[in-house]
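Engineer: Once you've had a glance at the structure underneath, I'll fire off some questions.
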Amino acid sequence: MLRVDSHAVMSVDLGTEFMKIGVVKPGIPMEIALNKESRRKTPVIVAIKGKDREFGDAAISRSSKIPAQSYMYLRELVGKTLDNPIIEQYLKRFPYYKLKTDAQTHQLVFQHDSETNYTIEELLSMILRKAREYATDFAEQSVDAAVITVPPYFTQSERRAVKRACDLADIKLLQLMNDNTAVALNYGIFRRKYFNSTGSTYLFYDMGSQSTTCTIATYNIIKTKEHGYVEEVPQVTVKAVAFDRNLGGLEFQIRLRDYLAKKFHEKHSKIDLYKNSRALTKLFREAERAKHVLSANNEYTAQVEGLIDEIDFKQRITREEFENLCVDLFERVKKPIEEVLSTSGIKFSEIQQVLLFGGSTRIPRVQNELTKALGGIELGKSLNTDEAAAMGAVYQAAAISKGYRVKKFLVKDTNQYPINVEFERHNDTMDQKLIDRILFDHNNHYPNRKLMTFNKYTDDFSFNIHYGDLTYLSSNDKHALGITELSRIHVTGVNKTYDKHKDTMESKGVRAHFQLDDSCLLVLDRIEFIFGKKGVDIDNNDTKPKEESTLSKIGSKISSFFSSKSSNDEVKETTENTPTDSSETKKTVDNKEGTNTTNDTASSTTTNASSNTTPKPNIIRESLEFKVEILDYTDPSSEAQTNSKKKLSELDAHDRELIALSTAKNNLETFIYDIRDKLEHDSKYKKASTSHEQTKIIEKLTEIDTWLGDEGFNADVKTLKSKLDELKTITKSLKTRVREVDLRPVKLQELKDTLNQTEQFLYATRTLFLRKDLEDDKPISEIEIKHLEKMIKDTNLWRDQILQDFSKLTPTDTPKYLSTDIDEKVNALKRETNYLLTKAQRFVPKPKTTTTTPKIPLNNETKTDNNSSDSDTTPTAGMNLNLFLQMISLQYLDNYKDL
């Protein structure tokens, strides 16, 4: 990886249960950032009590005390309504959470307490902000740009919600990247030399905490042309994806939890664990441990002390019992493989290897079911199950950010849900007919741009965007989509624009420019009314009618057969600048998007952007205004977003106050314990202090320590710092004496060595420039030499004086002269010597007409060739003083050969 002036960028593999953070910064390639506990992955959970927040492992510890205020498994909740099956299942799994729809913003919120609610996006933004904090600490510089991974089955509303969470966390979103694609990219990065133009096909099977995804990807070498050069670069192409949104480690864990609860109820039938949030959380964590242990062992004894009402719980469970609990889940393991092979049309014999990814693939029965379904082949386990997605995403972050140049590795991903456009068409009898057209089909590659031209419209109109044919989805996955209507587009100004040009031009239709961007988000770039003279082809700009060739007629017939049997259809679909690889994508994507304006009832987008293409002769393009009304999940209003940012800002400020308070308290406690320990056990401190001084210090330490445990428990930062200052003042003299005892011999020796070197330099300089007839051709003047001589003399006198003072000191006396005073003398000598050396280096003697004496090589030096210049012996910083003096002599030997 080549470094260019840049800032660090990061990736966040946003899993359901854990997140992993990748970082790349100047000078350091891709690496996983460590959290505060020096771990490479962090639990996705935030516990909030009042304004106090805990994250990661600390939040898990607190969750057993405040489970209803410890929010986890948030990723699958974004962008959904309360009646979504996934939300209903979440509340069934964790009955102590209170989820509701906010009456004003219509967002899904957790009811935290009687006064406070938190939206899913606010909680997720807290997690992302913490990820940014870890990345910043690890990179030792600010990190504000990221690639975030999401599951490939995420819908438009879910992707928009994650994007808004990034905005709340002040993270510049570079791309939402599908986690399966990030894994495939990571696998290909280190194996690019094994790929060729023919292509290599792999199957990635990912079973994580929440879901299971099966992906078929092909690697091959393609030719691209950029800046006039053709080069061969590797490319990974996602051929097909199949998934099961509800098959993952969490469901296995819930089965174990419910099994343990059942065993408890058999012994204590009058107690209902499901009505006690703390007991249910403890059992849930024990079920997690049981799941992990049973992946490596045949049995495990689950036990929880004081589960409820001080009742201890203990239950033995075998791997066989666990597998019997999850028989239906294990039967679903093979289905994604069958679906992805069917969708892609690729035979299993064409796949070179099956690679496992995701923590739940460690379950032995899952591997057995896969091996059985795949005909007994060996499963590939070379991927880092925890980190492959984060590492692939951070490579993508470096590739698309402006600050880095990386080896090209192109990525072509696929859209999982077909997106259709539906509009009304009026015929001559004024009857209405709904027309439905595919805009982006299932498995279309993206990023991609398409346009639709609505012919016949001369008045303002509207059209709907919705998901298309979803028959390939299972009933569970289909229900999880929730609302399939995406948005309604209201186009205005059509009639006014038509009346403006109808007398002189002919309408060529209203053209809508769509984009499926890098994050698989649908964007309506612009809508424009096209006018042209009669007979003008707006695409080819022909000014004369052109007779259609036979081949064109056949093509038109075939096209009309598939689009509509009627010649009066009012829309035609065209692929606009469809890229053949991701490098072309970057060139064709239009970054000019409409300005978002929102209100409480609908999310709207208004645009006046004109076409960025220069109008062709005889063609007029008029921009039309349009509004986007969101139908699937209402985006929050600008006011709601502002309120969310204010709420999060207050929590962040409170966190900073807590950190400052904790730091001040820790500093005070550390100082007390440190001084007390040294006075009791360190002989240096005992020797350097009188009994009276020790008593006085210990009394003060005890006083403040007692205060800290009583009144100081709720003290503010200023008070804590003032107490620390009191202790520093009373112990300053003692610490100075102890420090000086250790430093004094070292500093005195340094002063002695510096004096010796300076005296040698003075002697060599006097000897070298002795002759008075060379007074005008000396690099160092006599005045400067005498000044240095005086400095040496004064310093020697000062050294003798302080040595005499030091000899009279007792261990309990505070010295008059400190090591810092010695440093000043040493630095003064070094500054003067360095000044004279630098002056000698830059001195250029006057040229002489006499023949110069050949240069004499230094001892232990090999003779250089005759082309070597005088600069070969120019001294550099840090050279040994004696060597430098020899080089000075050689450099001026031609001028002072008589010396």
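The values are calculated or read from the model by the stated rules, or taken from the named source; none is laboratory data. Values in this document were obtained by computation on a predicted structure and should not be read as measured data. All Cβ positions, even for glycine, are placed from backbone atoms using ideal geometry, and neighbour counts span all protein chains on display.
Engineer: Taking the conditions exactly as written (more than 17 Å from I127 (Cα to Cα), in contact (Cβ under 8 Å) with a residue 60 or more places away in the chain and under 16 Å from the mean Cα position of the chain (by Cα)), does K25 satisfy them or not?
Structural biologist: Yes.
Engineer: So, in segment 766-784, how many residues would count as being at pLDDT 85 or above and crowded, with 16+ Cβ neighbours inside 10 Å? Can you show your working first?
Structural biologist: The first filter runs over segment 766-784 and keeps only residues at pLDDT 85 or above, leaving 783-784.
Adding the requirement that they be crowded, with 16+ Cβ neighbours inside 10 Å leaves 784.
Here the count works out to 1.
Engineer: Using the structure shown, decide if I221 is over 22 Å from L355 (Cβ atoms) and among the β-branched types (V, I, T).
Structural biologist: no
Here's the yes/no breakdown for (1) surrounded by fewer than 17 Cβ atoms within 10 Å (Cβ to Cβ); (2) not hydrophobic (A, V, I, L, M, F, W, C):
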site: L174; (1), (2): no, no
site: N178; (1), (2): no, yes
site: R191; (1), (2): yes, yes
site: E232; (1), (2): yes, yes
site: A240; (1), (2): no, no
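Engineer: Across segment 129-149, what is the total count of residues that are closer than 30 Å to P336 by Cα and surrounded by fewer than 23 Cβ atoms within 10 Å (Cβ to Cβ)?
Structural biologist: Qualifying residue count, segment 129-149: 0.
Engineer: Please go through (1) farther than 30 Å from L185 by Cβ; (2) touching an Asp or Glu at 6+ places or on another chain (Cβ under 6 Å) for L82 and return the number of the only condition it doesn't satisfy.
Structural biologist: The one condition L82 does not meet is (2).
Engineer: Among the residues of segment 494-506, write down those that are under 15 Å from R621 (Cα atoms) and surrounded by fewer than 17 Cβ atoms within 10 Å (Cβ to Cβ). Spell out the reasoning first.
Structural biologist: Start the filter on segment 494-506 by keeping residues that are under 15 Å from R621 (Cα atoms), which leaves 494-502, 504-506.
Selection gives N495, K496, D499, K500, H501, K502, T504, E506.
Engineer: So which of T731, T695, T736 is more than 25 Å from L818 (Cα to Cα) and in a helix (DSSP H, G or I)?
Structural biologist: Testing whether each residue is more than 25 Å from L818 (Cα to Cα) and in a helix (DSSP H, G or I) leaves just T695.
Engineer: For segment 309-330, enumerate the residues that are part of a loop (DSSP other than H, G, I, E, B) and closer than 26 Å to N246 by Cα.
Structural biologist: C326
Engineer: What are the residues in segment 639-651 that are touching a residue at least 40 places away in the same chain (Cβ under 8 Å) and either loosely packed, with under 13 Cβ neighbours inside 10 Å or within 16 Å of A161 (Cβ to Cβ) (or both), if any?
Structural biologist: A640, Q641, S644, K645, L648, E650
Engineer: Can you pull out the residues in segment 289-306 that are within 22 Å of A68 (Cα to Cα) and surrounded by 18 or more Cβ atoms within 10 Å (Cβ to Cβ)? Talk me through it step by step, then tell me what you get.
Structural biologist: Our first condition is that a residue be within 22 Å of A68 (Cα to Cα); within segment 289-306, this holds for 289, 304-306.
Once the filter is applied, which keeps residues that are within 22 Å of A68 (Cα to Cα) and surrounded by 18 or more Cβ atoms within 10 Å (Cβ to Cβ), segment 289-306 yields only V304.
Engineer: Same structure, new question: If L283 satisfies all but one of (1) surrounded by 13 or more Cβ atoms within 10 Å (Cβ to Cβ); (2) of a type in the set (A, V, I, L, M, F, W, C); (3) more than 26 Å from K41 (Cβ to Cβ), what's the number of the condition it fails?
Structural biologist: So the condition that L283 fails would be (3).
Here is a yes/no grid of residues against (1) modelled with pLDDT of 95 or more; (2) out of contact with any helix residue (DSSP H, G or I) (no Cβ under 9 Å at 6 or more places or on another chain); (3) charged (D, E, K, R):
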| residue | (1), (2), (3) |
| --- | --- |
| D113 | no, no, yes |
| N117 | no, yes, no |
| E122 | yes, no, yes |
| A139 | no, yes, no |
| V147 | yes, no, no |
| V162 | yes, no, no |
| Q175 | yes, no, no |
| L185 | yes, no, no |
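Engineer: From the set of residues in segment 736-765 that are exposed (fewer than 15 other Cβ atoms within 10 Å of the Cβ) and among the basic types (K, R), which is nearest to K790 (Cα to Cα)?
Structural biologist: My answer is K752.
Engineer: Let me ask something additional. List the residue pairs whose Cβ atoms are under 7 Å apart, where the first residue sits in segment 713-729 and is within 21 Å of R656 (Cβ to Cβ) and assigned by TED's automatic domain parsing to the domain that holds K700, the second is among the aliphatic types (A, V, I, L, M) and in a helix (DSSP H, G or I), and the two are 6 or more positions apart or on different chains.
Structural biologist: V717/A660; V717/L661; V717/A664; L720/A664; L720/L668; K721/A664; L724/L668
Engineer: Let me ask something else about it. Residues in segment 12-30: is at least one within 26 Å of Q253 (Cβ to Cβ), touching a strand residue (DSSP E or B) at 6+ places or on another chain (Cβ under 7 Å) and among the small types (G, A, S)?
Structural biologist: So the first thing to find is which residues in segment 12-30 are within 26 Å of Q253 (Cβ to Cβ), and the list is 12-21.
Okay, now just the ones that are also touching a strand residue (DSSP E or B) at 6+ places or on another chain (Cβ under 7 Å), so 12-14, 17-21.
The next check asks that each one be among the small types (G, A, S); those that pass are none.
No; the residues of segment 12-30 include none that is within 26 Å of Q253 (Cβ to Cβ), touching a strand residue (DSSP E or B) at 6+ places or on another chain (Cβ under 7 Å) and among the small types (G, A, S).
Engineer: Okay, moving on. Can you name the residue in segment 216-252 that is touching a helix residue (DSSP H, G or I) at 6+ places or on another chain (Cβ under 9 Å) and among the aromatic types (F, W, Y) and, of all such residues, is nearest to T198 (Cα to Cα)?
Structural biologist: So the residue we want is Y219.
Engineer: How many residues are assigned to a loop (DSSP other than H, G, I, E, B) and either closer than 13 Å to F264 by Cα or in contact with a Pro (Cβ under 6 Å, 6 or more places away or on another chain) (or both) if we restrict to segment 280-308?
Structural biologist: Residues that pass the stated criteria total 0.
Engineer: Report every pair of residues separated by at least 6 positions or lying on different chains whose Cβ atoms are under 8 Å apart, first residue within segment 685-698 and of a type in the set (G, A, S), second not in a helix (DSSP H, G or I).
Structural biologist: A688/P811; A688/T812; S689/T812
This table checks each residue for (1) in contact with a Lys or Arg (Cβ under 6 Å, 6 or more places away or on another chain); (2) on the phi < 0 side of the Ramachandran plot.
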position: Q210; (1), (2): no, yes
position: I216; (1), (2): yes, yes
position: G228; (1), (2): no, no
position: F243; (1), (2): no, yes
position: L250; (1), (2): no, yes
position: R255; (1), (2): no, yes
position: E266; (1), (2): no, yes
position: Y274; (1), (2): no, yes
position: A287; (1), (2): yes, yes
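Engineer: Taking the criterion of being modelled with pLDDT under 95, more than 30 Å from the chain's Cα centre (by Cα) and outside the structural domain of L280 (by TED's automatic domain parsing), would at least one residue in segment 66-76 satisfy it?
Structural biologist: No - not one qualifying residue is present in segment 66-76.
Engineer: Okay, next question. May I ask you to verify whether V340 is farther than 30 Å from Y97 by Cα and either touching a His at 6+ places or on another chain (Cβ under 8 Å) or among the aliphatic types (A, V, I, L, M) (or both)? Full working, then the answer.
Structural biologist: Values: farther than 30 Å from Y97 by Cα: yes; either touching a His at 6+ places or on another chain (Cβ under 8 Å) or among the aliphatic types (A, V, I, L, M) (or both): yes.
So V340 passes the test.
Engineer: Limited to segment 131-161, what total is found for residues that are closer than 20 Å to I120 by Cα, β-branched (V, I, T) and assigned to a helix (DSSP H, G or I)?
Structural biologist: Matching residues across segment 131-161 total 0.
Engineer: Follow-up. Output the residues belonging to segment 47-91 that are more than 23 Å from Q107 (Cα to Cα) and not hydrophobic (A, V, I, L, M, F, W, C).
Structural biologist: Once the filter is applied, which keeps residues that are more than 23 Å from Q107 (Cα to Cα) and not hydrophobic (A, V, I, L, M, F, W, C), segment 47-91 yields D52, E54, G56, D57, S61, R62, S63, S64, K65.
Engineer: If you don't mind, there's one more thing I want to ask. In segment 615-637, which residues are hydroxyl-bearing (S, T, Y) and either closer than 23 Å to A161 by Cβ or at pLDDT below 90 (or both)?
Structural biologist: Scanning segment 615-637 gives Y633, T634, S637.
Engineer: For segment 56-101, which positions are touching a residue at least 60 places away in the same chain (Cβ under 8 Å), among the aliphatic types (A, V, I, L, M) and assigned to a helix (DSSP H, G or I)?
Structural biologist: Passing the criteria: I60, A68, I86.
Engineer: Return the residues of segment 296-337 that are small (G, A, S) and within 29 Å of L203 (Cα to Cα); say none if nothing qualifies.
Structural biologist: Matches in segment 296-337: A296 only.
Engineer: Further, regarding this structure: Residue under question is G22, and the condition is that it be closer than 19 Å to V150 by Cα and in a strand (DSSP E or B); does it hold?
Structural biologist: yes
Engineer: What's the total number of residues in segment 252-274 that are touching a residue at least 60 places away in the same chain (Cβ under 8 Å) and farther than 20 Å from C326 by Cα?
Structural biologist: Number satisfying all stated conditions: 1.
Engineer: Let me ask another. Restricting to segment 32-55, give me the number of residues that are in a loop (DSSP other than H, G, I, E, B) and among the polar types (S, T, N, Q).
Structural biologist: Adding up the residues that qualify gives 2.
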